[in-house]
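This report refers to the structure that appears directly beneath it.
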Amino acid sequence: MENVITTHNVRLYYGRKEALHGIDLDFPKRKITALIGPSGSGKSTFLRCLNRMNDLTPGVTITGSFKLDGKDIYSPKTDVVDLRKKVGMVFQQPNPFPFSVFENVAFGLRLAGVRDRKLIQERVETSLKQAAVWDEVKDKLNENALSFSGGQQQRICIARVLAVQPEIILMDEPTSALDPVSAAKIEDLLLDIQDKFTIAIVTHNMQQASRISDRTAFFLDGRLVETGLTKELFIAP
Ligand code: ADP
Ligand code: ADP
């Protein structure tokens, strides 16, 4: 099976405290991998290593190997802006930019130097459709993204990530700040796009992990205690 990201013997220290004790976890192409485990077990910390978000935290030391399509994520040659285009991220709290829905979703394309207006329009529409929010925003594309509900804002943020067609999308508890109906819409859309994208999702919701993921990785105290096919790890209800 082809992996988009492979990691080996990942250790991370916050100061002297070792928060990750040697993690080996790979992310197969076009699969959804769920990272589950108790609060404080290192799921977010590990996820944030994959797009070098932990680099911003003072006192953090990271060792081990991280490869994206075979290339070292932590190489001095890595352009972090380019890396973040290939490794998209969706956070727990929806964080659209304070401008229009259209400009939110077009943002990454403009950064990537796409100038063709028709291409941008098509990609914005496709992405909003894939993120299952098109019907709700299609007549309001010029409205401020912050004027929409939390669930809609999160789907706009997902569209913003999809638009740049990343190699992998990292999601850190993307539904835990939302009501159950909004959360279910996001689970549904992830199932709809799973054959086109590679996804790593941190969740503390076992039902969500068992419903949407192909593979599950269990974290405990900064260690990976079990990894396997979700359908073999969870007993179907
Ligand atoms: P999870 O995502 O599984 O809830 P985290 O990755 O957030 O776990 O946290 C793992 C451990 O690292 C916890 O003990 C947490 O308190 C600690 N931690 C997380 N972020 C920091 C930080 N910026 N500085 C120091 N310790 C941190
Ligand atoms: P969440 O559950 O939303 O991931 P956390 O409570 O794990 O939130 O962390 C919120 C922020 O605080 C993160 O930026 C994390 O890095 C930081 N943090 C978490 N634990 C610690 C800690 N023990 N010391 C310092 N910063 C921490």
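The values are calculated or read from the model by the stated rules, or taken from the named source; none is laboratory data. Computed from a predicted model, the values in this text were never measured in an experiment. For neighbour counting, all protein chains shown are included, and Cβ atoms are generated from backbone atoms with ideal geometry for every residue, glycine included. Remember, those area values only see protein heavy atoms, side chains included, never the ligands or the DNA or RNA. Shrake-Rupley method; radii C 1.70, N 1.55, O 1.52, S 1.80 Å.
Give me the lysines in straight-line cross-link reach of residue 196: C-alpha distance below 25 Å, same-chain residues under 8 apart excluded.
Answer for residue 196, where 25 Å is the Cα cut-off: 29, 31, 43, 67, 71, 85, 86, 118, 129, 138, 185, 231, listed by chain and number.
Express in nm, to one decimal, how much length is gained between residue 18 and residue 56 on full extension, taking 0.36 nm for each residue of separation and deducting their alpha carbon distance. Mind dumping the intermediate values first?
Working: separation 38, 0.36 × 38 = 13.68 nm, distance 1.74 nm.
Net length gain for the segment: 11.9 nm.
Could you tell me what percent of the accessible area of segment 163-218 is made up of carbon and sulfur, with a 1.4 Å probe and every protein chain present?
46 percent
With a 1.4 Å probe and all protein chains left in place, how much of the accessible area of segment 9-65 comes from carbon and sulfur atoms, in whole percent?
C and S atoms contribute 45 percent here.
What FRET efficiency would be calculated for the residue pair residue 119, residue 140, taking the C-beta separation as r and a Förster radius of 35 Å, to the nearest 0.05?
0.95
Take the chain, mark every one of the GluC sites (Glu not before Pro) that falls in a DSSP loop and has at most 16 other Cβ within 10 Å, then report the longest stretch left between them, sites excluded. The partial results should precede the final answer.
Values: sites that count: 2, 143.
Longest site-free region, per DSSP loop and neighbour criteria: 3-142.
Averaging the inverse of every distinct alpha carbon separation and then flipping it gives the Kirkwood radius. What is it for the chain, in angstrom units?
18.3 Å
Please give the length that would be gained between residue 204 and residue 75 if that part of the chain were fully extended, namely 0.36 nm times their separation in residues minus their C-alpha to C-alpha distance (nm, one decimal).
This chain segment gains 43.2 nm when fully extended.
Given H placed 1.01 Å from N in the peptide plane, which residues other than close sequence neighbours of residue 19 have an amide H under 5 Å from its amide H?
12, 13, 14
Distance between Cα centroids, segment 54-73 to segment 148-186: provide it in whole Å.
With segment 54-73 and segment 148-186 each reduced to a Cα centre, they are spaced 25 Å.
Return the Cα extents of segment 97-146 along principal axes one, two and three, sorted largest first, each rounded to a whole Å.
28, 21, 15
Whole-Hz ³J(HN,Hα) for each residue in segment 45-52, computed from phi via Karplus 6.51 cos²θ - 1.76 cosθ + 1.60 with θ = phi - 60°, x for glycine and proline: what do you get?
Result, rounded to whole Hz: 4, 5, 4, 6, 6, 6, 10, 6.
Would you mind finding the longest exposed-site-free stretch of the chain, with exposed trypsin sites (Lys or Arg not before Pro) meaning DSSP loop and at most 12 other Cβ atoms within 10 Å?
17-76
Using a 7 Å offset from the Cα along the Cα-to-Cβ direction at both residue 214 and residue 126, what is the distance between the two label points in nm, to one decimal?
Label at residue 214, label at residue 126, 2.1 nm between them.
With the other protein chains left in place, how much accessible area per residue, in square angstrom, belongs to the chain at a 1.4 angstrom probe?
50 Å²
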